[in-house]
Amino acid sequence: MAEIGFNVDTTIYNDREVLSDTYSPPKVVGRNDVLKQYQNALLPVINGEEPDDIFVYGKSGTGKTECTHFILNQLESDIEEHNVPVDLERININCEGISSSYSLAIEIINSIRPMEDEISNTGYKEKRVYKMLFNELDAIGGTVILVLDELDAIDHEKLNGFLYQIPRARTNGYLENAKVGIVGISNDLTLLDDLKSDVKSSLSDKSIQFDPYDSPELFDVLKQRSDDAFLPGAVDDGILRHCAAIGADNGGDARKAIDMLRESADISRAEDADEVLSDHVRRAKEQLQSEEVITSISSLSQNEKITLYALVTLTADGSEKPRSRRVYERYEKLAESGGERSVRYRTVRDYLAELDTLQITNRDGENGGPDGNYRTHELNEQVSVEEAVNELSGVIKICGVHTSIEDVPTAPDTL
DNA sequence: TTTCCACAGGAAGGTACGGTCT
DNA sequence: AGACCGTACCTTCCTGTGGAAA
């Protein structure tokens, strides 16, 4: 048996927490222009006026959330420091997993109320929910900023209700004590297009766009973090530039670049290396891509997993880029063998579209032949068969071994 | 040129479910 | 207990597309 032992890290990290998602750096790097816009948009707050609603948009990892918290922290400390007579309360809601205005209102109510007074997610009439919400906000009083992160997670059209109600609550007499402003953070600009015109016009007045970071900006971000995170000599600027370049190639996402740096350093530390090397970065990149896909697979529904499993077995059978109909036929067989009720072809097409969106598979449109246009599907090159089969093991147990799954290679070869 | 075929995808509606209200 | 509410998941229907065949 190999000898197992733990060594205290004396060469790489000074403070690994600095590279975590939850860490807020004391200074924001490379976003001065948007911070200025933010500052202007929030001026009514410090003057005790009704706050404007602000719409913040940009791709993920462009610093929207970080800048929002930074500027609001700054606002709070300035109010305190200069004894400004403004009672400011901030309510942070992450909208991931929230599907409608109704659910959002309930989420806010429950975030204000103590645990024992929380209400359930369904059952109440919508009007009643808004009444409860306004009561809670009014009880807080003063200026209340609702920070709604990942607002685009909510079905765009279903957001109209909430975004219509809140700004008008005061004029309609539902709010007497509280001045409520919304800061909506979205990865998706089309959110604004899908809103009703009156809702849209009030939001678009104060919208702030976050562009993706370019490579030099990402370098500055990484440099700032690495100075605190690492011991001297552990990471040189060349490694930071490497991570920055990968980040810039992946949509200018600072979070991804920081994750890449941390993963590289973890690999380096695990190997007792004195410093982070390019090879560590390369392996970290592969590992993170693979992890992302595997996480997506584990979150799929049972039928989506069977659909993916159908594609895995077809691919293992040597069927290159099978089309939707072929995947469906295999899916039906698998579902049947597992005693599951199979869904219709139309639904499986939706599953295949979802798998493509999650980048678990690649979906191509083809034109030609007697069938006109059709779609073909293949596993994303980052998904190894072994990992996919591991993640789908629950489904495989149910469906049994009725296809040529025995032939699925278990070596970590990508297909 | 028209018709047919196989397909993609949007829209609307059905159903089951977990919840509250009266 | 039964009406009602919102949600998730799914089916059905429909329109549009593009190549082949008539």
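Since every read-out is calculated from the coordinates, none of them should be taken as a lab result. If you're wondering where the values come from, they're calculated on a predicted model, not measured in any experiment. Here Cβ is always computed from backbone atoms with ideal geometry, including for glycine, and neighbour counts include all displayed protein chains.
Which of the peptides A:236-245, A:76-85, A:8-17 is most tightly packed, and how do the rest follow, going by the mean number of other Cβ atoms within 10 Å of each residue?
On the way: A:236-245: 19.4, A:76-85: 11.1, A:8-17: 14.0.
In decreasing order of mean packing, A:236-245, A:76-85, A:8-17 become A:236-245, A:8-17, A:76-85.
Helix content alone sets the calculated 222 nm mean residue ellipticity of chain A: runs of n ≥ 4 DSSP H residues at -39500 (n - 2.57) each, divided across all residues, give -15000 deg cm²/dmol. Calculated on C-alpha atoms, the gyration radius of the stretch A:215-296 divided by its Kirkwood radius gives an Rg/Rh of 0.95. Residue separation of A:H82 and A:S298 scaled by 0.36 nm, minus their Cα-Cα distance, works out to 72.7 nm of gained length.
Return one number: the angle in degrees, 0 to 90 and rounded to the nearest 10, between the long axis of the Cα atoms of helix A:345-357 and the longest principal axis of the Cα atoms of chain A. With rounding to tens, the tilt is 70 degrees.
Could you size up the charge dipole of the stretch A:215-296 around its Cα centre, putting +1 on the beta carbon of Lys and Arg and -1 on that of Asp and Glu, and report it in debye to the nearest 20? All intermediate terms of the calculation are to be shown ahead of the outcome.
Values: 10 positive and 19 negative charges, 39 e Å.
Using Cβ point charges on Lys, Arg, Asp and Glu, the stretch A:215-296 gives about 180 debye.
Mind checking the angle between helix A:324-337 and chain A's longest principal axis? C-alpha axes, 0 to 90 degrees, to the nearest 10. For A:324-337 against chain A, the angle is about 80 degrees. Backbone geometry of the stretch A:132-137 corresponds, through the Karplus equation with coefficients 6.51, -1.76 and 1.60 at θ = phi - 60°, to 3J(HN,Hα) couplings of 4, 4, 5, 4, 5, 5 Hz, x marking Gly and Pro.
Approximating the spin labels as points 7 Å out from Cα along Cα→Cβ, the A:Q287-to-A:A139 distance works out to 4.8 nm.
Scaled against the 2.2 N^0.38 Å expected of a compact globular protein of N residues, the Cα radius of gyration of chain A reads 1.17. For A:K125, the lysines whose Cα falls under 19 Å of its own Cα, not counting residues fewer than eight places away in the same chain, are A:K158.
Strictly over 30 Å apart at the Cα level, which of A:K59/A:K285; A:K179/A:K200; A:K59/A:K127; A:K64/A:K321; A:K200/A:K223 would you flag in this model? Walk me through the numbers on the way to the answer.
Values: A:K59/A:K285 20 Å; A:K179/A:K200 20 Å; A:K59/A:K127 34 Å; A:K64/A:K321 38 Å; A:K200/A:K223 39 Å.
Flagged as over cut-off: A:K59/A:K127; A:K64/A:K321; A:K200/A:K223.
Given axes a ≥ b ≥ c from the Cα gyration tensor, I'd like to know whether the stretch A:31-210 is rounded (a/c under 1.5), prolate (a/b larger than b/c) or oblate.
Details: a/c = 1.58, a/b = 1.14, b/c = 1.38.
Oblate, since a/c reaches 1.5 and b/c is not below a/b.
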